[in-house]
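Structure record follows, encoded as structure tokens.
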Amino acid sequence: MAMAIRLLPPQLANQIAAGEVVERPASVVKELVENCIDAGATELHIDIEKGGARRIRIRDNGSGIPKDELELALSRHATSKIASLDDLEAIHSLGFRGEALASISSVSRLCLSSKPAQQAQAWQAWCEGRDMQVTLEPTSHPDGTTVDVQDLFFNTPARRKFLRTEKTEFGHIDEVVRRIALACPAVEIKLSHNQQLLRHYPKAIAESQILSRLQQIAGKRFADEAIFLELAADAESGQTLGIRGWIAPPDACRHQTDVQYMYVNGRMMKDKLLNHAVRQAYGDSLASDRQATYILYITLPANDVDVNVHPAKHEVRFQQARQVHDFVLLQLREALGAHVHAQQEQGYT
Ligand code: ADP
Ligand code: MG
């Protein structure tokens, strides 16, 4: 027989929300790192233990969270990033749902430590139990924020059961960090697993530094041979779309699909329509055992794209989908075509 209707305790409500955003350790890393980027951080230290199941600790040097906002930061539907429907319709940050910290803290032992530059003392906060009571304590911490997530899914056995091996889970984390490293070249990132520094992406500002980050992530061949393209939006001529990035010429395309990075307004995403545009740009030139290989950054006015489609924000909806598709297709065709042309002139083909 059905029970009477009742309001769920906060922890259970948060755990249900966590079901959508916190699939595995890598999703925790994604949410936490996005918060660091939104906070203007230029340095990230990511420490993982046991594939993230034991610990995910991320320290940044961003704006920090004032003591009197720590409790709110851990509550659901609490965000500093939007305040109105107008804001929601033109998102300029990676986060806006105000759910990540509440969700993650309901399925782990989470401790949030922070110190804004203008605050003398650092404070830490954590919450526990079905009412998610927050405890606050003074601590020591440099300017910025650390989120320390231990024992992920310790209280949700159904989720814990789905954790794969340490190596597999770390592999997913590594990929999330690569995506962020490509999105934010100016941010220095260190990633450690079980106290061993495995990745170091130094700050990349100059072109040569950006190319070496590209090489670290996409391999030497891609960095050497990919075609660079750039067309900035130009408000005066009504050209609202912009594109920048690299696309491999057909013969340098990879056999795997591992270098297919598409960003829209700084957010990595998988979009069927844009994938189609890229594939179409290659046309027949791509051998059947090769995959489109690219790193592309598309920009458009924030209110022409809806990012509030999926809780984990892997998808977007374009207001003018066809126009975006055709723009990407045309730009890539031109870039690839110009390349083939140049090769022909040099007598390569
Ligand atoms: P959202 O990112 O959608 O706002 P979160 O639950 O991820 O929601 O974070 C809640 C709030 O906590 C953010 O809006 C932000 O104000 C603050 N916050 C979280 N992480 C950081 C961080 N690393 N640095 C500064 N502020 C942070
Ligand atoms: Mg967030």
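The values are calculated or read from the model by the stated rules, or taken from the named source; none is laboratory data. Keep in mind the model is a prediction, meaning the values are calculated, not measured. Glycine also receives a Cβ, built like all others from the backbone with ideal geometry; neighbour counts cover every protein chain displayed.
Residue by residue, here is whether (1) free of Cβ contacts under 8 Å to residues at least 60 places away in the same chain; (2) over 22 Å from LEU198 (Cβ atoms); (3) assigned to a strand (DSSP E or B); (4) within 7 Å of ligand 1 (Cβ to nearest atom) holds:
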position	(1), (2), (3), (4)
GLU31	no, no, no, yes
ILE37	no, no, no, no
LEU44	no, no, yes, no
ILE48	no, no, yes, no
ILE56	no, no, yes, no
ARG59	no, no, yes, no
GLY62	no, yes, no, yes
ASP68	yes, yes, no, no
- Query: Counting only residues that are part of a loop (DSSP other than H, G, I, E, B) and more than 9 Å from ligand 1 (Cβ to nearest atom), how many does the range 78-100 have?
  - Reply: 6
- Counting only residues that are farther than 13 Å from ILE58 by Cβ and small (Gly, Ala, Ser), which one in the range 109-148 is surrounded by the fewest Cβ atoms within 10 Å (Cβ to Cβ)? ALA120
- Checked the range 312-333 for anything part of a helix (DSSP H, G or I) and in contact (Cβ under 8 Å) with a residue 24 or more places away in the chain; matches are ALA321, GLN323, VAL324, HIS325, ASP326, PHE327, VAL328, LEU329, GLN331, LEU332, ARG333
- Message: Which numbered condition in (1) modelled with pLDDT under 95; (2) surrounded by 13 or more Cβ atoms within 10 Å (Cβ to Cβ) is the only one that ALA292 fails?
- Response: (1)
- Are any residues in the range 134-166 closer than 17 Å to VAL28 by Cβ and β-branched (Val, Ile, Thr), and if so, which ones? THR145, THR146, VAL147, VAL149, THR156
- Query: Which of the residues belonging to the range 18-46 are away from ligand 2 (no atom under 14 Å from the Cβ), over 21 Å from SER114 (Cβ atoms) and of a type in the set (D, E, K, R)?
  - Reply: GLU23, ARG24
- Task: Go through the range 163-234 and tell me which strands (runs of 3 or more DSSP E), entirely inside it, have 1 or more residues that are in the same structural domain as ASN61 (by TED's automatic domain parsing).
- Result: 188-193, 196-201
- Query: Which numbered condition trips up PRO9, out of (1) more than 11 Å from ligand 1 (Cβ to nearest atom); (2) at pLDDT 95 or above?
  - Reply: (2)
